Amino acid sequence: MKKLSKTSLNYYLSEYLEDLGRAGVKDFYRGDEAKGAKQPPENAPESAERAKHARTAAPAPKPARRAAPVVPIRGPESAPAITAESDPEGRAAKLTELAAQVAKCALCPKLVANRTQTVFGTGNPYAELCFIGEGPGAEEDLQGKPFVGRSGQLLTDMIEKGMGIKRSSVFICNIVRCRPPQNRNPEKEEANACRPFLDATLEIIKPKFICCLGSIAATNLLHSELPIGKMRGKVHEYNGAKVVCTYHPAYLLRNPPAKKQAWEDLQLLMAEMGLELPER
């Protein structure tokens, strides 16, 4: 490969930085030598034509989606440090303290005997949107995080590919924080015992929108006896937050045709949140 001279390198750098500026990229450093390298070198006769083509072919940048700020909770996923500036209300610390209380809970003997650990919740303490499932499964029980198995992957797709927002911008938890034996539905007494932890979690986060995943989450959060088929397709209310109910991702994996209805529910939720439908 022919080695470029310093003049050639400066010329290419100058052209590249000018292209970035025309595309809307402003915050970059430009050295004095690059500013002065305006004349093309002898060994780059086609560079001006290539730069012209790049300017006309470059697509206009798309506007960024509105999303809640990402503030991590202390734990395995918390790489960035939490500061008073990034967490002005101290929500992360409050959630960490509440998670410690959940870890000590022994109100449900059947669940305590079956669990590896409690599964509190993960996500943004300042999230506008909170997803609530029914209870941890085997993989969640091992990792201590909600929705990390096959159902979790589908939920991630629903959030990121369907709604067009980052999973890290929402908060995800369950009605009960311990895995029921054989992944059975939580019993009414178990859901009632865990309800104060759910209410406290939502009180700290103060979401504007909630999505209940499945009938267990919907009926327990909203104190309803209606089946999920009667609760979906409508906007409910919980402590000032708008609530949309849809099918649990595990049900969607077993019944793929129901994904169409779940997508309709997500569109209803997006409309309430003021989010544009992503390009399909």
Full-extension gain between residue 271 and residue 117, please, as 0.36 nm times their residue separation minus the C-alpha to C-alpha distance. 51.7 nm
Under 15 Å, Cβ to Cβ, from residue 236 - net charge with Lys/Arg +1 and Asp/Glu -1: +1
Do any of 208/234; 206/230; 161/230; 206/242; 94/206 go past 18 Å between their Cα atoms, and which? 206/230; 161/230
Given 0.36 nm per residue, what is the gain on full extension from residue 106 to residue 86 after removing their alpha carbon distance, in nm? 3.8 nm
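Since every read-out is calculated from the coordinates, none of them should be taken as a lab result. Note that the structure is a prediction, hence the values are computed from the model and not measured. Virtual Cβ from ideal backbone geometry, glycine too; neighbours counted across all protein chains shown.
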